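Step one of this worksheet: look at the structure below.
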Protein chains: 2
Amino acid sequence: KRRGASGHLLKLISKTHPADMAWVFRHLKEDERTAVFDIIVHTDYVGEFLSELDDTLVVELVTGLEAQYVANVISKMASDDAVDLLEILPEELASSIREHMAKKDREEVEELLQYHPESAGGLMSPDFMCLDEELTVGDAINSIQKRSQEKEMVFYLYITHGETHLSGVLSLRELLMHPSDELLENIMNPHVISVNTDTDQGEVAHVVSQYNILAVPVVDTNYNLVGIVTVDDIIDVIREEATEDFLQMAGVGKDRDILLKSTKENAMIRAPWLFASWIGGVVSSFIIAGFSEELSHLIALAAFIPVVTGMGGNIATQSSTIVVRGIATGRVNMSEAYKLVFREMQVGLILGLAYGVFVGIVAFLGYSDTALLGVVVGLSVFISMVMAATLGTLIPLILKRFDVDAAVATGPFVTTSIDLLGVVSYFFIAKLFLGL
Amino acid sequence: KRRGASGHLLKLISKTHPADMAWVFRHLKEDERTAVFDIIVHTDYVGEFLSELDDTLVVELVTGLEAQYVANVISKMASDDAVDLLEILPEELASSIREHMAKKDREEVEELLQYHPESAGGLMSPDFMCLDEELTVGDAINSIQKRSQEKEMVFYLYITHGETHLSGVLSLRELLMHPSDELLENIMNPHVISVNTDTDQGEVAHVVSQYNILAVPVVDTNYNLVGIVTVDDIIDVIREEATEDFLQMAGVGKDRDILLKSTKENAMIRAPWLFASWIGGVVSSFIIAGFSEELSHLIALAAFIPVVTGMGGNIATQSSTIVVRGIATGRVNMSEAYKLVFREMQVGLILGLAYGVFVGIVAFLGYSDTALLGVVVGLSVFISMVMAATLGTLIPLILKRFDVDAAVATGPFVTTSIDLLGVVSYFFIAKLFLGL
């Protein structure tokens with residue numbers, strides 16, 4: 001072990017909460033990270049630190065270590081955190097680490113690895129407190145006292161019929177309120193809210209936040225208790241899903257670690273989403289070129305292209321964001337989808353009328369020698385905005401209907417298609433009204 | 001009381017969790033809502049139901065009731081929920097309800113009302129379990145057993161020095177692990193994570209999720225324990241703040257209940273944000289009109305306006321979303337802001353170069369008689385994208401620097417200013433290269 005500066009650093013690190021350390025670490029330079037991790041890696045602190053750290057950084061750090069060493073670290077971690085770590089590592093490294101783990105730990109981890117990482121099974125911890133319903137309150141308190149320090153928080157006691165069949169729930173506090181010879185089955189709450197191993201993590205988050213509970217038991221198809229998902233994991237799920245939706249709406253993929261990527265990786269992640277916009281731009285250039293005869297008769301037409309596409313694009317973004325977020329928070333009821341589309345169309349009519357008139361007046365005043373230009377521009381803004389509000393609502397609803405993540409395809413695709421439709425209708429209206 | 005249909009409905013309602021009832025209620029028609037609430041209002045269930053319901057609906061329902069009746073309902077609610085309800089009602093109604101409350105309840109509520117609703121004081125519940133550090137484990141268990149059924153969840157016991165000075169924390173489970181004659185001060189954890197009454201709710205959420213705790217004690221300036229914020233309220237804060245950021249980024253204000261508003265209200269909320277886009281569109285029409293001489297020489301120039309503004313707008317949205325979300329989740333470190341701007345500018349250079357070349361080739365092939373048009377269009381897309389990535393990063397960072405909510409002003413303003421800059425630079429480049 002080194003002394004001096006490292007000694008001080010070691011002291012400082014051991015006094016810092018692993019979550020704070022992860023936060024600091026994220027903002028360090030490359031060489032500082034190496035120096036700090038060299039110290040952390042030799043402390044008991046390393047497991048908790050890694051479970052708080054961003055995936056991208058974890059992969060970088062762990063890849064440089066020996067498989068046997070990582071196996072030792074992972075064995076000491078809570079098994080749900082251990083599984084999360086193994087899941088982000090390259091397949092080859094992960095299986096080499098698993099081989100270096102003791103049989104019992106390996107089996108526990110492999111049990112959990114079979115579940116989809118975004119399901120209740122993938123989130124759950126197998127460390128929970130469960131008691132047979134035929135025990136008395138006194139037995140229960142004894143057995144709680146006997147359990148050694150657990151990693152998971154305990155606040156609910158799950159009650160089983162036989163070894164594993166979930167039959168009720170009891171809070172630690174309720175347990176204390178009853179005489180010690182009372183049977184658990186007489187005081188437990190038999191209406192347990194539970195989820196299945198393959199319930200989607202978003203749904204698990206919904207259950208936990210809907211019912212204000214601190215943990216939800218996870219059962220298999222035979223209603224055997226196999227794990228619990230705690231509220232701290234749910235908070236992470238809610239934050240992560242919101243971040244992914246933000247990024248997807250903006251057309252940046254869904255990698256939450258984008259700020260930690262290199263410039264080149266960042267550009268590569270974003271390039272494909274800009275392609276939609278590029279295609280749209282090229283197609284609209286062909287459309288406009290197709291009307292160059294009309295344009296040459298009235299150059300002023302060109303001046304209003306951006307306002308037609310801009311107003312449409314903005315109201316489309318409003319509508320689609322409201323719908324995408326409404327779907328994510330459970331506020332949009334699919335059985336009433338048609339009502340929502342109809343309502344947004346009405347909003348488009350109102351706002352399209354208002355802004356169409358405003359733009360029309362500007363066009364009329366600016367180009368008084370072509371009085372009809374005001375009508376053409378105003379009508380085009382109106383139509384573009386009505387279409388945009390309607391399609392901006394419809395597209396995410398249709399995606400949802402076909403179980404496609406609404407956030408993915410909404411952002412860039414909606415604005416691009418609105419651009420195109422806006423340009424086309426603008427020139428058709430111009431042709432019609434101005435007889436070009 | 002009515003019978004028949006209402007009787008069945010009453011039975012159904014009493015068996016439904018209030019949170020589920022609120023969910024169903026949201027999707028009922030106006031007259032169905034009235035019928036269902038007529039039943040709910042006469043049950044003990046009404047308080048919990050109202051605390052789960054959306055603000056807009058609560059205001060509608062409560063406005064129709066007598067102040068005395070609402071006062072009775074509110075007195076039975078958890079005081080933090082009671083305060084939340086009073087805060088959303090019209091001032092006159094709220095104070096009339098307060099006057100109808102019993103003195104003790106009114107004082108408790110008025111104590112909480114003095115805090116900002118988005119601070120720890122506004123979120124906290126004054127119902128918590130605290131014990132003097134000089135008590136023994138046995139005394140503590142007795143006192144827990146004596147407390148009648150509380151509304152708030154109990155999992156941490158806060159330990160005080162004297163009546164109210166916060167000195168430590170202990171979990172209910174840790175309490176059970178120690179002999180009954182042990183003093184609390186010897187077994188408590190003296191390093192309590194706490195927040196101040198005026199800590200912003202976002203910061204409280206950050207603390208709770210950072211340290212994976214289930215509740216955080218709230219202290220006044222003298223470190224006296226005055227309340228606790230529980231994790232279920234934190235989940236609501238996280239969800240609500242994410243929803244507000246989504247809406248603000250899309251330029252829809254920040255009213256989370258927008259899906260429950262009438263068409264007219266909805267349009268009114270959205271109109272002002274479209275104004276930014278309208279101004280931008282009108283200004284760009286003047287700019288383009290200013291170049292009508294150049295346009296008349298080369299009509300093809302008009303065809304590429306949408307691609308120049310579109311590519312810029314899309315990369316600006318990407319950059320600003322990454323930064324706004326990064327600020328919200330604490331991933332963006334303001335002391336390194338210049339590095340982030342520089343990096344995004346580099347991403348803009350890479351992507352601008354790639355898509356500039358692609359667009360340039362299309363322009364060159366499409367208009368081979370004006371070979372330089374390809375260069376003009378390509379260069380314009382490149383410059384527009386570099387400016388967009390840079391400004392899209394810079395604007396939210398500057399807003400944050402001046403403590404303005406970055407999400408508010410980012411969406412519509414960034415895209416509008418990028419549109420304008422894109423159009424201006426496009427025509428200047430055209431003028432320069434094509435000698436029009």
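The values are calculated or read from the model by the stated rules, or taken from the named source; none is laboratory data. Being a predicted model, the structure only gives us computed values, none of them experimental. Glycine gets a Cβ as well: all are built from the backbone with ideal geometry, and neighbour counts include every protein chain shown. To get the accessible areas, we keep the full protein, side chains included, count just its heavy atoms, and leave off ligands, DNA and RNA. Shrake-Rupley method; radii C 1.70, N 1.55, O 1.52, S 1.80 Å.
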Name the residue, out of B:Ala78, B:Ala71, B:Ala140, that is surrounded by fewer than 18 Cβ atoms within 10 Å (Cβ to Cβ) and of a type outside the set (D, E, K, R). B:Ala78
Could you pull out the residue among B:Ile361, B:Ile383, B:Ile322, B:Ile315 that is at pLDDT 90 or above and within 24 Å of B:Ala205 (Cα to Cα)? B:Ile322
Would you check if A:Ile361 is touching a residue at least 40 places away in the same chain (Cβ under 8 Å) and either within 12 Å of chain B (Cβ to nearest Cβ) or closer than 30 Å to A:Leu295 by Cα (or both)? no
Residue that is assigned to a helix (DSSP H, G or I), out of contact with any strand residue (DSSP E or B) (no Cβ under 6 Å at 6 or more places or on another chain) and within 25 Å of A:Thr321 (Cβ to Cβ), where the choices are B:Leu394, B:Leu379, B:Leu349: B:Leu394
Quick check: is even one residue across region B:370-377 at the interface with chain A (Cβ under 8 Å from one of its Cβ atoms), touching a residue at least 24 places away in the same chain (Cβ under 8 Å) and of a type outside the set (Val, Ile, Thr)? no
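Do we have any residue at all in region B:110-121 that's part of a strand (DSSP E or B), modelled with pLDDT of 90 or more and within 14 Å of chain A (Cβ to nearest Cβ)?
no
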I'd like the full set of residues that are in contact with a Gly (Cβ under 8 Å, 6 or more places away or on another chain) and facing chain B (nearest Cβ under 7 Å), limited to region A:305-325. A:Pro306, A:Val307, A:Thr309, A:Gly310, A:Met311, A:Asn314, A:Ile315, A:Thr317, A:Gln318
What are the residues in region B:397-426 that are under 19 Å from A:Thr321 (Cβ atoms) and among the hydrophobic types (A, V, I, L, M, F, W, C), if any? B:Ala406, B:Ala407, B:Val408, B:Ala409, B:Phe413, B:Val414, B:Ile418
If you go through region B:269-280, how many residues are within 9 Å of chain A (Cβ to nearest Cβ) and free of Cβ contacts under 8 Å to residues at least 40 places away in the same chain? 4
Would you mention how many residues in region B:283-316 are hydroxyl-bearing (Ser, Thr, Tyr) and more than 17 Å from A:Pro306 (Cα to Cα)? 1
Residue within region A:83-101 that is more than 14 Å from chain B (Cβ to nearest Cβ), in a loop (DSSP other than H, G, I, E, B) and open to solvent by less than 40 Å² (accessible area, probe 1.4 Å) present: yes
Neighbours by Cβ (under 6 Å, 6+ apart or cross-chain): first from region B:282-303, modelled with pLDDT of 90 or more; second in a loop (DSSP other than H, G, I, E, B): B:Ser285/A:Phe304
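Quick one: which residue in B:Glu30, B:Glu48 is under 25 Å from the mean Cα position of the chain (by Cα), within 14 Å of chain A (Cβ to nearest Cβ) and open to solvent by 70 Å² or more (accessible area, probe 1.4 Å)?
Working: B:Glu30 fails: under 25 Å from the mean Cα position of the chain (by Cα).
From the options B:Glu30, B:Glu48, the qualifying one is B:Glu48.
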Checked B:Leu10, B:Leu53 against criteria (in contact with a Lys or Arg (Cβ under 9 Å, 6 or more places away or on another chain) and at pLDDT below 85); the one match is B:Leu10
Scan region B:262-281 for residues that are out of contact with any strand residue (DSSP E or B) (no Cβ under 8 Å at 6 or more places or on another chain) and of a type in the set (D, E, K, R) and jot them down. B:Lys264, B:Glu265
Here is a check on your reading of the model: is A:Leu351 buried (at least 24 other Cβ atoms within 10 Å of the Cβ) and more than 7 Å from chain B (Cβ to nearest Cβ)? no
Note on region A:362-386: residues open to solvent by 50 Å² or more (accessible area, probe 1.4 Å), over 12 Å from A:Val423 (Cα atoms) and either in contact with a Ser or Thr (Cβ under 8 Å, 6 or more places away or on another chain) or of a type in the set (A, V, I, L, M) (or both) are A:Leu365, A:Ala371, A:Leu372, A:Val375, A:Leu379
Restrict the check to region B:325-337 and report whether at least one residue is in contact with a helix residue (DSSP H, G or I) (Cβ under 6 Å, 6 or more places away or on another chain), in the same structural domain as B:Asp419 (by TED's automatic domain parsing), surrounded by fewer than 22 Cβ atoms within 10 Å (Cβ to Cβ) and not in a helix (DSSP H, G or I). yes
Those residues of region A:213-227 that are within 14 Å of another protein chain (Cβ to nearest Cβ) and open to solvent by 10 Å² or more (accessible area, probe 1.4 Å) come to a total of 1
Exactly one of (1) under 24 Å from A:Glu244 (Cα atoms); (2) touching a residue at least 24 places away in the same chain (Cβ under 8 Å); (3) open to solvent by 60 Å² or more (accessible area, probe 1.4 Å) is unmet by A:Lys431. Its number? (1)
Selection count, region A:286-302, where residues are in a helix (DSSP H, G or I) and within 7 Å of another protein chain (Cβ to nearest Cβ): 7
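Hey, among the residues in region A:394-411 that are within 11 Å of chain B (Cβ to nearest Cβ) and closer than 13 Å to A:Gln318 by Cα, which one's most open to solvent (accessible area, probe 1.4 Å)?
Just the residues of region A:394-411 that are within 11 Å of chain B (Cβ to nearest Cβ), to begin with: A:407, A:410-411.
Among the residues that remain, those that are also closer than 13 Å to A:Gln318 by Cα are: A:410-411.
Working: A:Thr410: 0, A:Gly411: 15 Å².
Here the residue is A:Gly411.
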List, please: which pairs have Cβ atoms under 7 Å, are six or more places apart or on different chains, and start with a residue in region B:246-262 that is closer than 23 Å to B:Ile395 by Cβ and end with one that is of a type in the set (Val, Ile, Thr) and open to solvent by 30 Å² or more (accessible area, probe 1.4 Å)? B:Gln248/B:Val408; B:Ala250/A:Thr317; B:Val252/B:Ile269; B:Gly253/B:Ile269
Residues of region B:236-293 satisfying the condition of being in the same structural domain as B:Ser425 (by TED's automatic domain parsing) and either at positive phi or in contact with a Cys (Cβ under 7 Å, 6 or more places away or on another chain) (or both): none
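Could we say that A:Ile234 is under 15 Å from the mean Cα position of the chain (by Cα) and closer than 30 Å to B:Ile213 by Cα here?
yes
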Checked A:Thr370, A:Thr410 against criteria (out of contact with any strand residue (DSSP E or B) (no Cβ under 9 Å at 6 or more places or on another chain), under 25 Å from B:Arg26 (Cβ atoms) and modelled with pLDDT under 90); the one match is A:Thr410
Tally, over region B:192-212, of residues that are within 12 Å of chain A (Cβ to nearest Cβ) and in contact with a strand residue (DSSP E or B) (Cβ under 8 Å, 6 or more places away or on another chain): 3
Can you tell me how many residues within region B:177-186 are outside any loop (DSSP other than H, G, I, E, B) and buried (at least 18 other Cβ atoms within 10 Å of the Cβ)? 1
